[in-house]
Amino acid sequence: MGVTIVQHYPMTENRTGPQVIEFLTKRVHAMGAAQAGPFLVDCETYNSAPAFGPPRTVHLLNNSEQPATVFSILESGQKQVPLVSDPLFMDLMKKLGSVYTCKQQTRMEAKGPRFEVADFLVKLGTVTMNANFKGVLVEVEYRPCLVPAACWELLREFMQGFLGTCVPNQPPSYLQNRMQDIYQPLDTIQQYLDQFREYRKAVTVR
């Protein structure tokens with residue numbers, strides 16, 4: 001796995017979610033990409049019961065690129081503690097039902113087609129919360145590189161080739177303090193969680 005950028009694609013009033021995916025698919029194909037199966041990233045959120053002290057939240061995320069791994073992020077106040085485990089951790093959380101409860105209506109997914117073009121992997125994800133459409137996420141991975149600072153400009157230029165002007169000049173906020181670090185699968189999960197949070201906030205405002 002290489003350095004990955006996860007970005008929200010802005011919706012317009014005259015296009016539905018499927019129409020946006022179709023539009024981006026045509027653009028990716030025009031760059032010479034070949035479809036290489038589907039992908040799925042999902043997130044379930046558990047909240048601690050009030051009887052067990054200060055509120056804590058656990059996010060459990062799965063990525064089809066790492067099918068034998070469950071990514072967990074514990075939030076307590078301003079602190080975040082990541083954990084990488086095997087799928088048995090999901091069963092453990094279910095057994096802790098008296099301590100942590102899962103809000104099914106806030107389950108989020110990003111799924112759709114994945115494409116390979118030269119050294120890049122592109123994923124076009126339809127985002128849903130409790131089966132309701134919320135937006136479109138685009139994931140782009142540059143596989144030969146493991147240090148974000150060494151390939152950010154190349155990634156940005158490649159993304160502009162099919163996303164146009166919506167590509168920011170700066171990396172995602174999560175990566176900005178990690179540009180010299182070795183990229184890990186957990187970094188992709190953290191970007192998805194940040195994007196999922198933004199979709200949930202937008203729902204809350206309504």
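Looking across region 56-83 at every residue that is among the β-branched types (Val, Ile, Thr) and touching a Pro at 6+ places or on another chain (Cβ under 8 Å), the one that is most open to solvent (accessible area, probe 1.4 Å) is identified as 69. Output the residue which, of all residues in region 89-111 that are in a strand (DSSP E or B) and open to solvent by 20 Å² or more (accessible area, probe 1.4 Å), is farthest from residue 12 (Cα to Cα). For region 89-111, the residue satisfying everything is 100. In region 1-52, the qualifying residues are those that are among the polar types (S, T, N, Q) and in a loop (DSSP other than H, G, I, E, B), and the one that is nearest to residue 147 (Cα to Cα) is 12. Being in contact with a Phe, Trp or Tyr (Cβ under 8 Å, 6 or more places away or on another chain), within 30 Å of residue 9 (Cβ to Cβ), open to solvent by 30 Å² or more (accessible area, probe 1.4 Å) and hydroxyl-bearing (Ser, Thr, Tyr), is that true of even one residue in region 121-136? So far as region 121-136 goes, yes, one or more of its residues are in contact with a Phe, Trp or Tyr (Cβ under 8 Å, 6 or more places away or on another chain), within 30 Å of residue 9 (Cβ to Cβ), open to solvent by 30 Å² or more (accessible area, probe 1.4 Å) and hydroxyl-bearing (Ser, Thr, Tyr). Quick check on region 144-151. Is at least one of its residues open to solvent by 50 Å² or more (accessible area, probe 1.4 Å), at negative phi, touching a helix residue (DSSP H, G or I) at 6+ places or on another chain (Cβ under 9 Å) and not in a helix (DSSP H, G or I)? Yes, because at least one residue in region 144-151 is open to solvent by 50 Å² or more (accessible area, probe 1.4 Å), at negative phi, touching a helix residue (DSSP H, G or I) at 6+ places or on another chain (Cβ under 9 Å) and not in a helix (DSSP H, G or I).
Scanning region 116-124 finds one or more residues that are closer than 21 Å to residue 1 by Cα, part of a loop (DSSP other than H, G, I, E, B) and among the small types (Gly, Ala, Ser).
The values are calculated or read from the model by the stated rules, or taken from the named source; none is laboratory data. These numbers were taken from a predicted model, which means no experiment stands behind them. Backbone-built Cβ (ideal geometry, glycine too); neighbour counts: all protein chains shown. To get the accessible areas, we keep the full protein, side chains included, count just its heavy atoms, and leave off ligands, DNA and RNA. Shrake-Rupley method; radii C 1.70, N 1.55, O 1.52, S 1.80 Å.
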